[in-house]
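Note sheet for the following structure.
The values are calculated or read from the model by the stated rules, or taken from the named source; none is laboratory data. Owing to the predicted nature of the structure, the values given are computational and were not obtained by experimental measurement. All Cβ positions, glycine included, derive from the backbone under ideal geometry; neighbour counts span all protein chains shown. In case anyone asks, the SASA skips ligands and DNA or RNA and just uses the protein heavy atoms, side chains included. Shrake-Rupley method; radii C 1.70, N 1.55, O 1.52, S 1.80 Å.
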Number of protein chains: 2
Amino acid sequence: MKFKNARKDLGLKSKGRFYLKSKSPFAPKQYKDLYPKGFKIFTFHAGFKKKKDDLLIIVFDKTINVSCKYSLTSMPSAPIIWDKKNNKGKCKALIVNSGNANAHTGSLGLKNIDKYVKRLAEHLSCSKKEILVSSTGVIGEQLNPNLICKQISKLFFSKNNTLIDAARSIWTTDTFVKTSIHNIKILNKNIKIYGFAKGSGMISPNMGTMLAYIFIDCEISRRELKKLLANNIQETFNSISVDSDTSTSDTIMLFSNPLNKIKLNNQHQKKISKTLNLVMKELSYKIISDGEGVKKLIKVNVKKAKSESQAKNIAFSIANSPLVKTAIAGEDANWGRVVMAIGKTREKIFQDKITIKFGNLILAKKGERNSNVNLSKVNSYMKKNLIEIEVNLHLGIFSKVVYGNDLNNEYIKINADYRS
Amino acid sequence: MKFKNARKDLGLKSKGRFYLKSKSPFAPKQYKDLYPKGFKIFTFHAGFKKKKDDLLIIVFDKTINVSCKYSLTSMPSAPIIWDKKNNKGKCKALIVNSGNANAHTGSLGLKNIDKYVKRLAEHLSCSKKEILVSSTGVIGEQLNPNLICKQISKLFFSKNNTLIDAARSIWTTDTFVKTSIHNIKILNKNIKIYGFAKGSGMISPNMGTMLAYIFIDCEISRRELKKLLANNIQETFNSISVDSDTSTSDTIMLFSNPLNKIKLNNQHQKKISKTLNLVMKELSYKIISDGEGVKKLIKVNVKKAKSESQAKNIAFSIANSPLVKTAIAGEDANWGRVVMAIGKTREKIFQDKITIKFGNLILAKKGERNSNVNLSKVNSYMKKNLIEIEVNLHLGIFSKVVYGNDLNNEYIKINADYRS
């Protein structure tokens with residue numbers, strides 16, 4: 001540990017490719033874990049990374065329903081192209097590797113996927129179309145499929161792993177485990193809704209996000225799964241941004257793990273949706289809390305906008321502004337930069353109506369500074385870990401909350417060194 | 001000098017508000033200067049800054065034609081609101097202050113401008129509508145008009161200053177003077193086209209830009225001035241971005257200084273436009289070369305796009321991506337992040353057609369890595385000051401060149417400390 005810190009203080013890279021990032025101050029104190037029922041988790045060190053596990057294979061007992069969302073990027077990675085082309089909403093197994101994104105790798109990138117998917121399909125006696133794949137890591141390097149095939153051969157002799165093991169095996173520059181587990185009761189049956197995710201940098205999801213895998217221990221139709229995902233994604237994974245950079249590989253998968261077969265009525269579905277929302281919120285909050293170099297979180301709440309898109313544009317413009325992010329890093333309540341970030345959207349607003357608050361301190365109202373604000377209170381507020389910026393446009397009825405984080409030397413250090 | 005550097009090395013702020021930014025490596029070796037004919041430059045220390053000149057007053061011998069462009073922000077500063085409301089294309093004098101942007105200052109902000117404009121109009125016996133104003137500096141603080149009025153009283157006892165003095169008096173975090181002077185001959189008459197500008201941070205102009213003032217020593221109609229500005233702004237001031245943050249105060253003014261009265265034919269007008277383009281290019285290049293904390297410049301050239309807007313979106317997406325900018329800072333030819341930045345625009349492109357070059361080294365073509373590239377050449381290319389990224393989409397006939405710069409610790413230091 002001492003050695004690691006010494007290297008970090010000197011601004012040195014680790015021996016391998018991965019920068020030794022210090023742990024986020026938002027790391028949870030406790031992590032919940034479980035051995036899932038209905039499927040098995042296997043993790044391996046395949047050799048994409050120097051030492052740590054970098055391959056996850058999940059095998060379901062039965063072929064189950066799944067719904068996926070992917071990055072809206074126009075340069076999708078090979079796994080996204082492959083999944084979209086092949087998968088029809090049924091899943092027997094999932095293969096995820098870290099250390100190589102298999103992105104911008106052309107037709108060879110797709111052939112390589114085909115090779116390891118074929119191997120697993122043979123092993124499991126299932127169709128290739130029932131296997132989903134994801135990759136995260138370096139863009140532009142061809143992925144060696146044999147590294148994955150080799151581990152597939154060992155699959156049946158391997159021990160099962162837990163949800164936390166799964167979460168760890170897909171890390172890139174993450175510093176803490178991102179899992180979420182919740183229980184509900186429907187018709188006296190216990191139903192678990194849980195998942196794991198990875199994040200860290202290149203994070204400004206545009207519908208799907210980063211990598212996230214969520215399981216509902218209940219039989220749910222594909223149509224219903226799709227609806228559940230669509231209904232809950234906007235205010236969870238689509239409301240966070242580390243650096244405004246949308247990845248080539250963002251993926252979220254929602255699995256129906258048919259441990260319980262219940263005829264779900266409307267109320268049951270609502271209950272499931274509510275808990276799914278909680279799981280998705282926890283995972284996305286954990287992702288933003290572990291943004292590269294994060295020291296402070298920024299919560300931006302835009303209120304009383306004319307439209308949903310206006311609220312969202314302004315909220316992300318503030319959360320993504322380098323000048324706002326550096327001001328927060330410097331613990332400076334520089335609300336003038338919030339003014340700038342509202343303005344750069346070119347949204348039609350009335351400048352003279354706007355209220356800007358940091359926490360519950362009003363810094364500007366009616367288009368100018370609030371000279372009555374207690375400056376020493378403002379200064380001590382800025383020392384907090386979570387800075388809440390509220391902008392009230394006093395125009396309409398729409399609002400949007402998004403999360404971002406500060407921009408500091410640590411982000412620079414990580415990204416000047418790390419090859420993504 | 002030693003004392004300044006010592007403080008900088010310790011990461012300390014200067015005693016005043018302004019961080020002692022080290023000089024940009026792109027600072028010119030020589031600066032051209034002149035005493036203009038047809039108008040007088042006066043600079044003062046009015047008291048917005050601790051020590052340095054912070055007020056510029058330009059008085060024209062006659063009332064002349066002017067054309068202005070302003071930030072497209074929806075939160076314009078008071079000077080922009082004032083100018084747009086009052087000025088009708090005729091100008092007798094210009095007042096610019098630094099140290100206070102007079103932005104988001106409500107109706108009092110406008111009243112304060114009225115106060116000092118009225119004072120100058122009385123002094124010059126001209127209409128208030130013939131006076132233009134600009135301000136740059138901190139957002140959200142009321143500007144004390146008496147500081148300007150006091151200097152106006154001294155106007156006629158003050159000595160004239162030069163173009164370089166004018167450029168210096170409007171600095172915020174700039175580290176070198178930004179002037180450009182060119183001469184042309186039309187019908188045997190010497191015509192100067194020249195200007196000065198300030199830049200540094202909060203720079204991603206959206207039509208006008210930062211502050212820039214350009215003079216053509218020739219009588220030109222307002223209509224023609226407007227055309228000249230519109231024709232030359234896209235590939236100059238609208239093609240640079242320090243941090244994607246558009247200011248509340250961006251302004252460019254083009255003055256016809258009627259020293260020469262010539263009946264301009266089409267060819268003369270083209271000659272003037274070409275030289276004006278050069279002046280605007282030099283000023284915008286100097287602004288980006290002095291971007292906050294800049295150590296490297298990034299030139300992004302997107303070729304063969306389907307449309308002008310596609311080329312522009314992709315070029316700015318690359319130049320503004322924090323991950324691309326930090327990779328350049330780290331001297332890492334991380335073209336995978338260029339792939340990401342193309343993708344995040346969601347522009348319709350064909351991934352398998354794209355060529356990506358750094359300098360004249362082809363790093364990716366036909367949708368994948370070029371494994372024949374000489375890596376040691378790539379590594380030594382990345383050590384250069386100016387990194388040229390070329391993306392050929394192989395789709396259409398449109399192209400766009402934009403300039404950005406690296407994102408490094410110096411930018412963070414400046415902006416975590418400086419109150420803009």
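At 20 Å minimum axial length over the Cα atoms and a Kyte-Doolittle cut of -0.5, report the qualifying DSSP H helices in chain B, or say none.
B:106-124
State, as an integer percentage, the relative contact order of segment A:297-417 based on alpha-carbon contacts under 8 Å between residues 6 or more apart.
After rounding, I find 46 percent.
With respect to the symmetry axis carrying chain B onto chain A, which residue of chain B exhibits the smallest Cβ distance to that axis, and what is the value in whole Å?
B:Asn409, 2
In segment B:239-283, what residues drop by 30 Å² or more of accessible area when the other protein chains are put back, versus the chain on its own? Use 1.4 Å, and skip ligands and nucleic acids.
So the qualifying set is B:Asp245, B:Thr246.
What full-extension length gain, to one decimal in nm, is calculated for B:Leu34 and B:Ser309 as 0.36 nm per residue of separation minus the Cα-Cα distance?
95.1 nm
If each label sits 7 angstrom from Cα along the C-beta direction, how far apart, in nm, is A:Thr162 from its counterparts in the other copies?
Once sorted, the set of distances for A:Thr162 reads 7.4 nm.
Per residue, how large is the accessible surface of segment A:341-398? Use a 1.4 angstrom probe and give square angstrom.
With all protein chains present, segment A:341-398 gives 55 Å² per residue.
Any chance you could check the Cα centroid distance between segment B:112-189 and segment A:142-197 for me, in angstrom?
65
For A:361-369, what's the mean count of beta carbons from other chains sitting within 10 Å of each residue's beta carbon?
4
What is segment B:65-154 by shape, rounded, prolate or oblate, if you read a ≥ b ≥ c off the alpha carbon gyration tensor as root eigenvalues and call it rounded for a/c under 1.5, prolate for a/b larger than b/c, and oblate otherwise?
Judged from the Cα gyration tensor, segment B:65-154 comes out oblate (a/c at least 1.5, b/c at or above a/b).
Taking a label point 7 Å out from Cα toward Cβ, give me the nm distances from A:Arg223 to the same spot in the other copies, shortest first, one decimal.
Result, one decimal in nm: 6.4.
Calculate the mean, over all residues of peptide B:70-78, of how many other protein chain Cβ atoms lie within 10 angstrom of the residue's Cβ.
Average neighbour count from other chains, rounded to a whole number: 5.
Give the interface area between chains A and B as buried accessible surface, both sides summed, probe 1.4 Å, in Å² to the nearest 100.
5100
For a Förster distance of 45 Å, can you work out the FRET efficiency between the beta-carbons of A:Lys52 and B:Lys51, rounded to the nearest 0.05? Spell out each step's value before the answer.
Numbers: r = 55 Å, r/R0 = 1.22.
That gives a FRET efficiency of 0.25.
What's the carbon and sulfur percent of the protein assembly as shown's accessible surface, probe 1.4 angstrom, rounded to a whole number?
Roughly 50 percent of what the probe reaches on the protein assembly as shown is carbon or sulfur.
Given R₀ = 22 Å, what would the calculated FRET efficiency be for B:Lys281 paired with B:Lys23, taking r from the Cβ atoms and rounding to 0.05?
0.50
Most fluctuating residue of B:Asn301, B:Asn257, B:Asn86 in a GNM of chain B with Cα springs under 10 Å: which is it?
Among B:Asn301, B:Asn257, B:Asn86, the largest mean-square fluctuation in the Gaussian network model of chain B belongs to B:Asn86.
From the C-alpha gyration tensor of segment B:215-330, pull out the three semi-axes of the equivalent ellipsoid (sqrt of 5λ each), sorted largest to smallest, in whole Å.
33, 16, 12
Helix-only mean residue ellipticity at 222 nm, chain A, DSSP H runs n ≥ 4 weighted -39,500 (n - 2.57), per residue, nearest 500. What is it?
One gets -9500 deg cm²/dmol as the mean residue ellipticity at 222 nm.
Which whole-number value in Å² is the accessible area per residue of segment A:178-327, probe 1.4 Å?
33
Taking the Cα of B:Leu110, stepping 7 Å toward and past its beta carbon, and measuring to each backbone N in segment B:50-76: which are under 13 Å?
Counting only backbone N, you get B:76.
Taking chymotrypsin sites (Phe, Trp or Tyr not before Pro) that fall in a DSSP loop and have at most 14 other Cβ atoms within 10 Å as cut points, what is the longest piece of chain A between them?
My reading of the result: A:32-349 is the longest stretch.
Under a Cβ-Cβ cut-off of 14 Å, what is the net charge of the residues other than B:Ile164 that fall near it, where Lys and Arg count +1 and Asp and Glu count -1? It would help to have the intermediate numbers written out before the result.
Details: positive: B:Lys32, B:Lys52, B:Arg168, B:Lys178, B:Lys198, B:Lys286; negative: B:Asp33, B:Asp53, B:Asp165, B:Asp174.
My count for the surroundings of B:Ile164 gives +2.
Please check segment B:97-117 for residues whose accessible area, probe 1.4 Å, is lower by 40 Å² or more when all protein chains are in place than in their chain alone.
Output list: B:His104.
In whole percent, what relative contact order does segment A:215-269 give with Cα contacts below 8 Å and a gap of six or more residues?
Result for segment A:215-269 is 70 percent.
Taking the label point 7 Å from Cα in the Cβ direction, how far apart in nm is B:Asn379 from each other copy of itself, listed shortest first?
Distances to the matching label points in the other copies: 4.9 nm.
Take every Cα pair under 8 Å in chain B that's 6+ residues apart, average their separations, divide by the length, and report that relative contact order as a whole percent.
17
Across the residues of B:408-415, average count of Cβ atoms on other protein chains within 10 Å?
The shielding value for this peptide is 6.
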